[in-house]
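Chemist: Input: one structure, supplied below.
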Amino acid sequence: MEHRGALVRRGGPVTGAGADESVILARAFLSRVSEPASIPVWDWVRRHGPVAAAESIQAGDVPPDVAHATAARRAAVRADDDLTAAERLGIRLVVPEGPEWPHFAFSSLEAVALTRLAAYRAGERTHRPGGELIPPLALWARGSGDLSHAAVRAVAIVGSRSASSYGEHVTTELAFGLARQDVVVVSGGAFGIDATAHRSALAAEGSTTIVSASGIDRPYPSSNATLFERAEVGGLVVSESPPGSAPHRHRFLTRNRLIAALSGGTVVTEAAARSGALNTAAHCTRLGRPLMAVPGPVTSAMSAGCHRLLRQDPTPALLVTSVVDVLAVVGSIGEGLVATVPSIATGPQGDEMRSALDGLDPVARRVFDGLPARGIASEDEVALRSGVSPIEVMRALPALQLAGVVEAGPDGMRISPAFRRRRAG
């Protein structure tokens, strides 16, 4: 191919991306030349690789469906300009060939996409109005978080932009409590439930990820610009669209699939019958991720969407009403076994040893009994003292920590200070 203008880096080498410079330039070009979630472009890149695909698109030497998806912009795209602007703004381009790409998070997205691609190649060209479930060609990101860890311990919380006081209260409780349990809260940065979820996670000094429908340098809504900045400290703001991109209506639908994919499960806390959050919920179900919904008053139109999810057939959403319910679905082994967890309203639980231990299963209580009254013990020592296997000790540890009765460190585990004196007695 002779036309390589868009793939020439005039401002020096690309840094910090962890992938070959030609790949970074190609991926930057591809992220601009077509709209997100374009099946023909994604298929073309899979067939030929990002560099050859980008060069052929710019030269116009592509099949009709790829040409149709890229013709409007192919002559105007300057990947170099986008990368220069990104560097100036502290934005990095994350690509599948680099170390930060969330392969774990996008594994189910890839599997669904391959099925859809087979139908597309067979002639099924019907456009899905809710957005195609295919992986992004690249992601623009800003913040101190590591995108490669996405969905490992993350939950999406979505809902209505016009949230009621009930919806905001429930969202605050869940987002704050999950963030306190080191769960990353993922949402779209919009008004209502999204913003409440992000702010509550930040109030808990936890991590949150905003998936933007516009370029990262153009926060939408603009009044949430400060929230976007706060999310970048310890968290991330990511977008499929390059810097300067406007928040067009259809981009909200395509970005919703990323909210679902970058999370281990999705919770809809409040949604009307026609809420955009139901689009994210549909993506979650198609990806095979657990979908959860919070019930609301039967008289509230703002909860009609949640109630529909709870009764839909054949895959109803799981009814959740607390942080413990959510952790039981998406948490580690042993989480969700206790009745209460720290929350913004109730504060730390477990002031009484008996009430804390009553919520644990018999194995976890035996592990607790195997701890010394004072000092630290290794997992092997606790296993020997309690008579359970080391693997059972490891499985019980999250529940004991969640109950607040045990602390764990690099040297082993011990009874929490609040219980140490009582246990010694």
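Readers should treat all values here as calculations from the given coordinates under stated rules, not as data from a laboratory. Values in this document were obtained by computation on a predicted structure and should not be read as measured data. Here the Cβ is made from the backbone with ideal geometry for all residues, glycine too, and neighbour counts use every protein chain on show.
Chemist: Starting from one equal scatterer on each C-alpha and no solvent at all, send me the Debye-based log10 I(q)/I(0) for the stretch 190-322 at q = 0.17, 0.21 Å⁻¹, two decimals.
Modeler: Here the Debye-derived log intensity ratios amount to -0.95, -1.31.
Chemist: Here is a further query. Report the relative contact order of the stretch 251-337, percent, no decimals, based on alpha-carbon pairs under 8 angstrom and at least 6 residues apart.
Modeler: Normalised by residue count, the contact order of the stretch 251-337 is 26 percent.
Chemist: For ALA408 and ALA246, FRET efficiency with R0 = 35 Å and r from the beta-carbon atoms, rounded to 0.05?
Modeler: So the FRET efficiency works out to roughly 0.15.
Chemist: Normalised by the empirical 2.2 N^0.38 Å for globular proteins, what value does the Cα Rg of the stretch 27-182 take?
Modeler: 1.24
Chemist: Still on this model: Given the options GLY18, HIS48, VAL406, identify the residue whose Cα lies farthest towards the positive end of the charge dipole of the chain (+1 on Cβ of Lys, Arg; -1 on Cβ of Asp, Glu).
Modeler: Farthest along the dipole direction, towards plus: HIS48.
Chemist: Okay, helix-only estimate at 222 nm for the chain: each DSSP H run of n ≥ 4 adds -39500 (n - 2.57), divide by all residues, round to 500 deg cm²/dmol; what do you get? Walk me through the numbers before you get to the answer.
Modeler: On the way: 18 runs with 186 residues, N = 425.
Computed mean residue ellipticity for the chain: -13000 deg cm²/dmol.
Chemist: How high is the relative contact order of the stretch 170-273, in percent, counting Cα pairs under 8 Å that sit 6 or more residues apart?
Modeler: 26 percent
Chemist: Starting from 0.36 nm per residue, how many nanometres of slack lie between ALA122 and ARG274 once their C-alpha separation is accounted for?
Modeler: Result: 51.5 nm gained on full extension.
Chemist: Here's another thing I want to ask about it. Could you work out how much longer the chain between ALA72 and VAL298 gets when fully extended? Use 0.36 nm per residue separation minus the Cα distance between them, nm to one decimal.
Modeler: Using 0.36 nm per residue and subtracting the Cα-Cα distance, I get 76.5 nm.
Chemist: Report the antiparallel proportion of the DSSP beta bridges in the chain as a percent, rounded to a multiple of 5.
Modeler: Among the beta bridges of the chain, antiparallel pairing accounts for roughly 35 percent.
Chemist: On to the next question. Roughly how many debye, to the nearest 20, is the charge dipole of the chain about its Cα centre, given +1 on each Lys and Arg Cβ, -1 on each Asp and Glu Cβ, and no other charges?
Modeler: Working: 43 positive and 42 negative charges, 129 e Å.
For the chain, the charge dipole is close to 620 debye.
Chemist: Using the 2.2 N^0.38 Å rule of thumb for compact globular proteins, work out how the stretch 111-213 stacks up: its C-alpha Rg over that value, please.
Modeler: Scaled against compact globular proteins, the figure is 1.30.
Chemist: Relative to the present Cα-Cα distance, how much length would full extension add between MET394 and SER332 at 0.36 nm per residue of separation?
Modeler: Here the answer is 21.2 nm.
Chemist: Over the chain, what is the relative contact order in whole percent, taking alpha-carbon pairs under 8 Å and six or more residues apart?
Modeler: With pairs under 8 Å counted, the relative contact order is 12 percent.
Chemist: Still on this structure, I have one more. Which one, [x] 60, 51, 37; [y] 82, 52, 43; [z] 78, 40, 31, gives Cα extents along the principal axes in Å as derived from the coordinates shown?
Modeler: Evaluating Cα extents along the principal axes in Å on these atoms matches [y].
Chemist: What whole-number value in cubic angstrom gives the convex hull volume per residue for the C-alpha atoms of the stretch 97-140?
Modeler: 90 Å³
Chemist: Label 7 Å along Cα→Cβ of THR226; the stretch 172-192 residues with amide nitrogen under 18 Å?
Modeler: 189-192
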